[in-house]
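**Q** Got a structure for you, written out below as structure tokens; questions coming shortly.
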Amino acid sequence: MGKEMLTEVYGRLRKRLRAVAGSVLRSDDDIADALQESFCRLWSSREPSSLAEAEGRCIVTVRNVSITQAARNNRMADLDADRMEQTAAPAETDLASRQEYLLSKLPGMQRQVFELVALRDFDYDVAADRLGISEQAARTNLCRARKTLRSLLKNESYE
């Protein structure tokens with residue numbers, strides 16, 4: 001019953017989930033990728049025990065995947081520019097400086113966890129081991145980092 005409930009809720013909330021992803025991501029392709037990845041993560045996770053839990057997990061998963069993908073896209077744009085060893089166009093420079101600004105606003109441990117888990121795709125246990133913290137502390141720091149990044153992206157006011 002759980003997977004059917006999750007599929008039904010995801011289908012019913014599809015427009016809202018698209019809006020959630022669109023608030024973070026700009027490209028239609030990126031939004032579609034985030035929705036697809038979110039659905040795959042939801043499908044492979046434990047079954048929800050209630051309709052409310054299914055709805056909440058759908059929204060939170062789409063939001064978290066979108067934030068991670070936005071940061072990863074910015075990181076990839078930065079890496080591609082470095083590899084090409086060309087002068088970056090003004091838009092690329094702005095994107096890289098925006099990413100650096102956003103990451104610089106994160107407290108030290110949150111930034112380190114975010115870079116390892118969200119940007120470099122390390123598992124929580126590996127990141128925690130490298131940073132000398134517990135796996136739960138890594139999860140908590142990533143959650144707080146995403147919350148800070150959401151707030152910064154929402155404000156869109158950079159000094």
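The values are calculated or read from the model by the stated rules, or taken from the named source; none is laboratory data. The shown structure was predicted, so the numbers you read here are calculated from the model rather than taken from an experiment. Cβ: placed from backbone, ideal geometry, glycine included. Neighbour counts: every protein chain shown.
**Q** For the range 64-104, how many residues meet the condition of being buried (at least 17 other Cβ atoms within 10 Å of the Cβ), at pLDDT 85 or above and either small (Gly, Ala, Ser) or in contact with a Ser or Thr (Cβ under 7 Å, 6 or more places away or on another chain) (or both)?
**A** 2
**Q** Of all residues in the range 24-46, which are surrounded by 13 or more Cβ atoms within 10 Å (Cβ to Cβ) and in contact (Cβ under 8 Å) with a residue 40 or more places away in the chain?
**A** Val24, Leu25, Asp30
**Q** Filter the range 105-148 down to residues that are of a type in the set (Asp, Glu) and surrounded by 14 or more Cβ atoms within 10 Å (Cβ to Cβ) and give me whichever is farthest from Asn64 (Cα to Cα).
**A** Ranking the candidates gives Asp129 first.
**Q** Sticking with this structure for a sec: Looking at the range 3-21, which of the residues that are under 19 Å from Ser49 (Cβ atoms) and at pLDDT 85 or above is surrounded by the fewest Cβ atoms within 10 Å (Cβ to Cβ)?
**A** If we take residues in the range 3-21 being under 19 Å from Ser49 (Cβ atoms) and at pLDDT 85 or above, then Glu8 is surrounded by the fewest Cβ atoms within 10 Å (Cβ to Cβ).
**Q** Right, something else. Scan the helices (runs of 4 or more DSSP H) fully inside the range 97-159 and keep the ones with 3 or more residues being within 21 Å of Ala34 (Cβ to Cβ) and not β-branched (Val, Ile, Thr).
**A** Filter on the range 97-159 gives 135-155.
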